[in-house]
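Chemist: This structure is in structure tokens; I'll ask about it shortly.
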Amino acid sequence: MEQNLFVYNTLTRKKEEFKPINPPHVGMYVCGPTVYSDVHLGNCRTYISFDLIFRYLTQIGYKVRYVRNITDAGHLEGDAGDMGEDKISKKAKLAQLEPMEIVQKYTVGFHDVLQIFNTLPPSIEPAATGHIIEQIELIKIMLERGYAYEVDGSVYFDVEKYNTTHDYGVLNGRNLEDLLNNTRTLGGQDQKHGKLDFALWIKAKPEHLMKWPSPWSVGFPGWHLECSAMSHKYLGAQFDIHGGGIDLVPTHHTNEIAQNIACCDKNPARYWIHTNMLTVNGQKMSKSLGNSFLPHELFSGEHSILDRGYSPMTVRFFMLQAHYRSTLDFGNEAMEASDKGFKRLMNAVTLLDTLKASGSTDIDIAPLKQRCYDAMNDDFNSPVLIAELFEATRIINSVHDGKTKIDAANLEILKNIISTFVFDVLGLKNEQAANDDLPKVLNLVVNLRNEAKKNQDYATSDKIRDGLQKIGIQLKDSKEGTNWSKI
RNA sequence: GGCGGGGUAGCCAAGUGGUAAGGCGCGGCUCUGCAAAAGCUGUAUGCGUCGGUUCAAUUCCGACCCUCGCCUCCA
């Protein structure tokens, strides 16, 4: 199906029609996690947002190569006094572990969490430490072309020189004057010629654990270089989409663009897509603010700000109910609303299989289907898509109640909408369909209760209903019989 | 201090130069042994405040207030 997709591009601050360089192929690079600790829920939002984008691009027929890196070389720590030591090796020494042991632990944890949220794996997931050679090669080019300089075994990028011929602030719209006047000067950076210069290669102190040989010193790569190296290697000098959290714009992505242009005269990506933050009481969720929590704490409810736990799909649904470029405020009341809404949607999805087609139809479903595409074509507007799916929910319920008639052709379209958008695009799963034995057991219990009801033994029937309610199963009586669902 | 977002009903959250999607909550009705579920239905004369442009502004412009983010690694 041909779709005119419009995407908001941070580079131009406008929605632009999406035109891939080599259709039907699409190259997409998303900055992945630094694996020195558990990912928190805010991190997850970004990967769920890009999962939606990946799924939709695939749905409308693109062959997407989705590259998402694992940063396992560690970044320099910003804390004064810790300059030159990266986060991964610091944690390793504290915990008496090998750096790669830390990397392994948190990489596995990251994968587990994303799988629980039903995100699709990227096509390639390269690790920074596996691309040291490529990074060294890029540094050589930047030195040759005069955009970098070496000082005592370390190599820095010369921002002011770069800015004489290029616009360093293309992405965040700030000019160099402004940056120079409003950037905090950190201690221990005497080697740099200019205060905006950033490291490409850092000479390692003797006690540093993760280090590699290079033409300049035994050391480790700077903290923006890996993405330039890996995107270039797997997607080419210029590809379609580069993504990440909005907080990467001013520094990481700005420097990444400068590196790529310094190496091969091209902004690496045509469309820069940035996802917004998850907030708690209006404030960004972050580890340093102490308002972050881990996915498993949300599932179990074991956290001081949580009233109770919520299932992974409820959380995913909650996130998709907001647009990816808006901040989303987390709260118990909002989670409760998503939980109810998601279950209502899923109940309708289950009901859809039982619907019978009539000879005639009261409704024309095709426009609804197009509205679903329209929503997603408008910069992946998942909240509007979900609103349309609730329209589908109303139709399903109405047909089920016998108030609306639908013919076979329209029923087929309705089923197609649900499978395409609920499952393939939004990536939701029906969690209550998981257990095989439960329906059989419940069938038996429900039949016993109906017998009691027939005998007007309401004491027994209510005892069964209330007992099931307590363990999280709700019975629903209707003319056709009794259904059940998990609460 | 500089730069950039945002302020939409009790909560979360879309959106638009022509009079406010959706979910939850709340009220009413249908159904029901009762309830729940489900369905139908009602629920912002209003979109931070004050001005301006316009036939028309929540939507554009200006000022102000509040709030958040970035400026140091950060999804």
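Chemist: Among residues other than A:ILE273 whose Cβ falls under 12 Å from its Cβ, what is the net charge (Lys/Arg +1, Asp/Glu -1)? Don't jump to the answer; show the numbers that get you there.
Modeler: Details: positive: A:LYS15, A:ARG270, A:ARG325; negative: A:GLU16, A:ASP240, A:ASP379.
Neighbour charge sum, excluding A:ILE273 itself: 0.
Chemist: In a Debye calculation with equal point scatterers on the alpha-carbon sites of chain A and no solvent, what is log10 I(q)/I(0) at q = 0.11, 0.13 Å⁻¹?
Modeler: The computed values of log10 I(q)/I(0) come out as -0.98, -1.25.
Chemist: Residue by residue through the range A:64-73, what is 3J(HN,Hα) from phi via Karplus (6.51 cos²θ - 1.76 cosθ + 1.60, θ = phi - 60°)? Round to whole Hz and write x for glycine and proline.
Modeler: 9, 9, 9, 10, 9, 7, 10, 8, 10, 8
Chemist: Same structure again: Modelled label-to-label distance, A:ARG145 and A:GLN191, 7 Å Cα→beta-carbon offset: nm?
Modeler: A separation of 2.3 nm, rounded to one decimal place.
Chemist: Tally the DSSP beta bridges in chain A and give the antiparallel ones as a percent, rounded to 5.
Modeler: Working: 25 of 48 bridges.
Counting DSSP beta bridges with both partners in chain A, the antiparallel share is about 50 percent.
Chemist: What does the net charge come to around A:VAL159 if you take all other residues with beta carbon closer than 15 Å to its beta carbon, with K and R at +1 and D and E at -1? Can you show the working numbers first?
Modeler: Numbers: positive: A:ARG145, A:LYS161, A:ARG174, A:LYS192, A:LYS195; negative: A:ASP158, A:GLU160, A:ASP167, A:GLU177, A:ASP178, A:ASP197, A:GLU256.
The answer is -2.
Chemist: Would you mind classifying the range A:276-329 by shape? Square roots of the alpha carbon gyration tensor eigenvalues, ordered a ≥ b ≥ c; an a/c under 1.5 is rounded, otherwise it is prolate if a/b is larger than b/c and oblate if not. The partial results should precede the final answer.
Modeler: Working: a/c = 2.21, a/b = 1.13, b/c = 1.96.
Oblate, because a/c is 1.5 or more while a/b does not exceed b/c.
Chemist: Can you work out ³J(HN,Hα) from phi for every residue in the range A:10-26, in order, using Karplus 6.51 cos²θ - 1.76 cosθ + 1.60 and θ = phi - 60°, giving whole Hz and x for Gly and Pro?
Modeler: Whole-Hz 3J(HN,Hα) from phi for the range A:10-26: 4, 4, 10, 6, 9, 7, 10, 5, 7, 10, x, 5, 10, x, x, 7, 10.
Chemist: Also: Let me make sure I get this right: for the range A:6-275, a, b and c are the square roots of the gyration tensor eigenvalues over alpha carbons, sorted descending. Under 1.5 in a/c it's rounded, otherwise prolate if a/b > b/c, else oblate. Which is it?
Modeler: oblate
Chemist: Suppose we keep just the alpha-carbon trace of the range A:435-486; what are its Rg and Dmax in angstrom?
Modeler: 10.6, 32
Chemist: Let me ask something additional. Can you list residues whose amide H is under 5 Å from A:PHE330's amide H, if they're 5+ apart or on another chain and H is modeled 1.01 Å from N?
Modeler: A:THR279, A:VAL280, A:ASN281, A:GLY282
Chemist: Using the structure shown, select from A:LYS211/A:LYS429; A:LYS91/A:LYS195; A:LYS356/A:LYS476 the pairs with a Cα to Cα distance greater than 32 angstrom. Spell out each step's value before the answer.
Modeler: Working: A:LYS211/A:LYS429 43 Å; A:LYS91/A:LYS195 28 Å; A:LYS356/A:LYS476 21 Å.
The answer is A:LYS211/A:LYS429.
Chemist: Next question, about the same structure. Could you work out the relative contact order of chain A? I mean the mean sequence separation of Cα pairs under 8 Å and 6+ apart, divided by the number of residues, in percent.
Modeler: 16 percent
Chemist: How many nm is it between the label spots at A:GLU160 and A:ASN281, if each spot is 7 Å from the Cα in line with the beta carbon?
Modeler: About 4.4 nm separates the two model spin labels.
Chemist: Show which aspartates and glutamates lie in cross-link reach of A:LYS463 when reach means a straight Cα distance below 14 angstrom and same-chain residues fewer than eight apart are skipped.
Modeler: Cα-Cα hits under 14 Å: A:GLU451.
Chemist: Continuing with the same structure: Can you give the net charge of the other residues whose Cβ lies under 14 Å from the Cβ of A:ARG13, counting K and R as +1 and D and E as -1?
Modeler: Values: positive: A:LYS14, A:LYS15, A:ARG174, A:ARG325; negative: A:GLU16, A:ASP379.
Surrounding charge for A:ARG13 is +2.
Chemist: A follow-up question, please. Quick check: residue separation of A:HIS111 and A:ALA459 times 0.36 nm, minus the Cα distance between them. What number comes out in nm? Walk me through the intermediate numbers first.
Modeler: Details: separation 348, 0.36 × 348 = 125.28 nm, distance 4.93 nm.
Full-extension gain reported as 120.4 nm.
Chemist: Taking amide H positions as placed 1.01 Å from N in the peptide plane, with prolines and chain starts having none, which residues 5 or more places from A:HIS25, or on another chain, fall under 5 Å of its amide H?
Modeler: Under 5 Å from the amide H of A:HIS25 lie the amide H atoms of A:LYS63, each far enough along the sequence or on another chain.
Chemist: Considering the Cα trace of the range A:293-426, what is its radius of gyration and what is Dmax, both in angstroms?
Modeler: Over the range A:293-426's Cα set, Rg and Dmax evaluate to 16.7, 56 Å.
Chemist: Once amide H atoms are built 1.01 Å from N in the peptide plane, which residues 5 or more positions from A:ILE473, or in another chain, come under 5 Å H to H?
Modeler: Residues meeting the amide H criterion: A:ILE487.
Chemist: A follow-up question, please. For the range A:268-343 and the range A:15-59, write down the distance between their C-alpha centroids in whole Å.
Modeler: 18 Å
Computed from the coordinates by the stated procedures, all read-outs in this text should not be read as laboratory data. It should be emphasised that the depicted structure is a prediction, and the values quoted were computed from it without experimental measurement. In this analysis, Cβ positions are derived from the backbone assuming ideal geometry, glycine residues included, and neighbour counts consider all displayed protein chains.
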